[in-house]
Each structure stands twice: as C-alpha cells, then as structure tokens.
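Have a look at the structure below, then the notes.
The values are calculated or read from the model by the stated rules, or taken from the named source; none is laboratory data. Quantities reported herein were computed from a predicted structural model and do not represent experimental measurements. In this analysis, Cβ positions are derived from the backbone assuming ideal geometry, glycine residues included, and neighbour counts consider all displayed protein chains.
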Amino acid sequence: MEDIKILTERFIRYMQTEKRMSEHTLRAYENDIADFFECVFDGDTVVDIAEVTTLLVRRWVSELLKKGLTPRTVNRKTAALSSFFKYLMRTKKVLHNPVAGMTKPKMSKKLPSFVSEEKLVAAFDILENSVDDYSSYRDYVILETFYATGMRISELAALKHSDVDFYRRQIRTLGKRNKERIIPMTENIRQILEEYVSKMQVFFPERDNNYLFLNSKGNRISTRSIHSGVKKRMLQGGVTGKSNPHVLRHTFATHMLNNGADLNGIKEVLGHTSLAATQIYTHNTFEKLKIIHNKAHPRA
C-alpha cells in the first residue's frame, strides 16, 4: 500500500528539478493525478498502486468525457497520469504503465486565430497616434514586440535590457524549460525598442531593476497586466474578436508563412521543439489559398 499524496509530491519535485517544468504545469499535473485517484478510489489516499489497470483509466476517461470535458483536456489529463506512472516505473513502484497504448480521444483540428495584416497595420497606426501616458505607450510597444518576434507572454514579461542587442539586431530569450534562443529584430522593431528604452530613463529615472517592461510603479510587469493591456489596446485599435498575446504569436507565424518564410525558420523563432507544432500554420495559409481560388477560378 502506498500513500498517493507522498508519491505525487515526490513526482512533482522530480519534474520540477529534472524536467524544469513551469509552476503552472506542475499544478495542473498535481490536480490531474489527484482527480484520477479520487475518482477511482473514492478519495482514499493510501491505495495499492498495482491495482491501477488500463480498464480503470479507460473508465476515468469515459467519466471525464461524459462530464463534457473536451478531448484536448482529457488527453492532457491522461498525459499527466502517464508521466506519473513512468516515474513510478523508474522508482520501481510499479511494473507497467496502465496509460501506455491507450487510444486517445480524437481532437477536432482547431485552426489558430490570427489578425489580418490590414487590420493589424490599421490598429498599430491608431495606437501609435493615441499614446498619452506611459501605460498606453508601453502597451503599444508590447504589441509591436509580440508581432515582430512571436514570443510567448512569459518570455516578454521576463525580458531585460541586457537581452536586447541593438547592434546585432537580436533578442535573447528563455523559452520553455529554460531553453535559450535568439530572435532577430526587424529594423522597425529595433527603432521602436531603442526609442522606448531612451524614454524609460525619463519615465523611471531611479528604477532599481533591469526589466524592459514595467508597471506604473516601476516594477516588473505581470503576465496578467500584459494580457489585459493587449486586449484593451487591440479593441482600442478596432480589432474585435479574439485578441490576446497568443493570437499575436499566431498572427506573427501566419503572416511570416504567407509572405514566404521557411517553416523551419519559423519553428526556430517560435521555439517549437517539433516541426509538427509549427505545421498547423500551414492550414491557415491553405484556407487563404482556398478563398483566393474560389474568388479567382472561372468555375468556382
């Protein structure tokens, strides 16, 4: 008999130190594992771990789907459980992984949302001409930076002045699992950031940190503030519908691909570990091609 809470705590520590997973992912893993054992063993924390079979996991998956959870969420939960059992196998607690070999619920392919080039250019023009304080100016620069680099919200929040090399026109950032990558800067974003840095000395002459983007008190800006700021400014710029930092990341990749960028190059800039993660943007390009084809072909 094993105490599931103790095993889970050891697993989370292992994933934190060895796999360098984010706090957000670790919390999700912990909750997913607890959810499984609570469902299968009626809340008992001390159980015979060897009793967990593939059939029990399938029943759990079935219950999750009946509750209305999406296949994507269910697959994330089973992935967490699978990682847990891989760890238990590694530590000789079990002999097999009951999740291994299971058929995953099919996910419908959802194309990433993005903003058209025309709408985004118009939005940037509006925002640039409506800057009236530090917050509006900072948010405008943040939007330009997202669109020019395709970086994640956590990466942008962690940017420091020392990460921006104006001479080489490149930005150093730490992505998932602290993987470093270099993102090239266009001349446009170089000028925008250079002007922003010089104005920072006026806005915060006595700041005691090296972060690039700050809140109104001169401290590192939070991802929540970035998210709300992007949503507010996009709406102000006339962009309706989905408008968040990740949409700008999708927009960056889609526009790059539409304008002839190499898929492998986009993969490196985005920090994807697999080309499969980047290939989803080809679907957006294909959808655009279908629209053009239907409008242009005589028998469409």
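Counting the residues of region 118-150 that are out of contact with any strand residue (DSSP E or B) (no Cβ under 9 Å at 6 or more places or on another chain) and either hydrophobic (A, V, I, L, M, F, W, C) or part of a helix (DSSP H, G or I) (or both) gives 23.
If you go through region 232-246 and keep only what is surrounded by 14 or more Cβ atoms within 10 Å (Cβ to Cβ) and over 16 Å from the mean Cα position of the chain (by Cα), you end up with Lys232, Arg233, Met234, Gln236, Gly237, Val239. Exactly one residue out of Gly237, Gly218 is in contact (Cβ under 8 Å) with a residue 60 or more places away in the chain and either not charged (D, E, K, R) or not assigned by TED's automatic domain parsing to the domain that holds Gln170 (or both), and it is Gly237. Here Glu180, Glu144 are screened, and the one residue that is over 14 Å from Asn210 (Cβ atoms) and out of contact with any Lys or Arg (no Cβ under 9 Å at 6 or more places or on another chain) is Glu144. Checked across region 75-84, the condition of being touching a residue at least 60 places away in the same chain (Cβ under 8 Å), assigned to a helix (DSSP H, G or I) and under 30 Å from the mean Cα position of the chain (by Cα) holds for at least one residue. Across region 110-151, the qualifying residues are those that are among the aromatic types (Phe, Trp, Tyr) and within 19 Å of Ala261 (Cα to Cα), and the one among them that is nearest to the chain's Cα centre (by Cα) is Phe146. The combined condition, being touching a strand residue (DSSP E or B) at 6+ places or on another chain (Cβ under 7 Å), in the same structural domain as Thr145 (by TED's automatic domain parsing) and outside any loop (DSSP other than H, G, I, E, B), is fulfilled by Thr173.
Any residue in region 163-170 that is in contact (Cβ under 8 Å) with a residue 40 or more places away in the chain and either assigned by TED's automatic domain parsing to the domain that holds Leu214 or out of contact with any helix residue (DSSP H, G or I) (no Cβ under 6 Å at 6 or more places or on another chain) (or both)? Yes, the conditions are met somewhere in region 163-170. Scanning region 161-214 for residues that are over 22 Å from Ser22 (Cβ atoms), surrounded by 14 or more Cβ atoms within 10 Å (Cβ to Cβ) and in contact with an Asp or Glu (Cβ under 7 Å, 6 or more places away or on another chain) turns up Ile189, Ile192.
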